[in-house]
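Beneath this line is the structure, given in structure tokens, with notes to follow.
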Amino acid sequence: MSIDISRKRILPHLVAWILYIFYEVSILIYVDPGSINCIEIILAFLLNAMVFYVNADFILVRLVSYKLLALTIVKILLLISLYLVLSYWLSAYIFPFLEVKSSGNKPIFTKLFFAQHIWRAIYFLGLSTGYWLTKKTILSERKLRSFEREQYLLTLKEQELKKQIAMSHLAFIKSQVNPHFLHNTLNFFYSNIYPLSKPLAESLLRLSEMMRFTFDHTDKDGLVELAVELKQIENYITLNQLRFSNNLQIVLNIKGNPQGKRIISFLLMALVENAFKYGDLQDAHYPLSINVFIDDDHLQFKIMNKKKINANEFEGHGIGIKSLENQLKLMYADNYELNIENNIYDYRCILALKFQ
């Protein structure tokens, strides 16, 4: 596998150099083929290739900030100097030793020699810089596309996870009771109890509405209409008031229009149920306070209640709140705030979120 990868990397470069060398000597091939010496050409272009790849793969790749620009320039000047020394060494000693016909057996280090080879070095430095920039651009584009692809796949996974959690939560609730059996039973009770006790019949009607909400109003993505959720809170409060002969001290304020807004199913109900379970709701001086503020993009839900004397003996607002926070993180990410104050005497919770 490693051999195949090396071939794929080396072969395009080798082909490109062969074509370039052919382009450079094409005029000599046409005019005077006898003046061409293959050994001289190969050695000269090996030196040119050295300048090309040292600049592109060792000098420029370490230019990661403008602070290193001065050091990079020094390295390039040293590379040019090395190129000049090696060019003179080839022309003066190697070519004569190999009996290669060159521009002179032992060239003098003249201004012309100096200028020609500096220009040649700068030429291949320019080519290698273009090559380095092109490769860097291609790699950056690949990384960007890879990052965008990873983000897209991550978004799909998060969305799928949200749906799975929402559907699992709903499926768990639905699995507790057969909805058809429950509806039929409640309707039977309501029809038979209404002539005997209207308050009890009303309680059954409220309960039936809440059960219907549980089974019928949650969408596939786990969200529900805010207006429906708030209606179930009202039903829940009314049902409990009937249970306790309207002795519960509860203040419910809803400001704003909930129509067209959607939230996680049972999100607000979970907070209300916690207050009923662990709160002292019969103190007229400290009623259960539920305040809902709605605007075009945001929802703010405040709930405050006095705690029962023995409420701290139980975990209370712990496990349910952790589950609620997990759902909020998955569904709303950074578009929500949940602040909780839990002490010996009372419990306060403020939830703010941005509608999706």
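The values are calculated or read from the model by the stated rules, or taken from the named source; none is laboratory data. Nothing here was measured: the structure is a model prediction, and the numbers come from that model. Heads up, the Cβs are rebuilt from the backbone with ideal geometry, glycines too, and the neighbour counts pull from every protein chain shown. Remember, those area values only see protein heavy atoms, side chains included, never the ligands or the DNA or RNA. Shrake-Rupley method; radii C 1.70, N 1.55, O 1.52, S 1.80 Å.
Brief remarks on what is shown
- Model label sites at Glu150 and Glu337, defined 7 Å from Cα along the beta-carbon direction, differ in position by 3.2 nm.
- Available extension along the chain between Ile42 and Tyr123 is 27.4 nm, counting 0.36 nm per residue and deducting the alpha carbon span.
- Interchain or long-range residues, amide H under 5 Å from Gln249's placed H: Gln282, Asp283, Leu288
- When the surface is traced with a 1.4 Å probe over the full set of protein chains, Cys38 keeps roughly 90 Å² accessible.
- Stretching the chain fully between Ile94 and Glu141 yields a gain of 12.4 nm (0.36 nm per residue, less the alpha carbon separation).
- With 0.36 nm allotted per residue and the present C-alpha distance subtracted, the Leu11-Asp297 stretch has 97.1 nm of extension available.
- If R0 is 22 Å, the Cβ-Cβ spacing of Leu82 and Thr134 corresponds to a FRET efficiency of close to 0.30.
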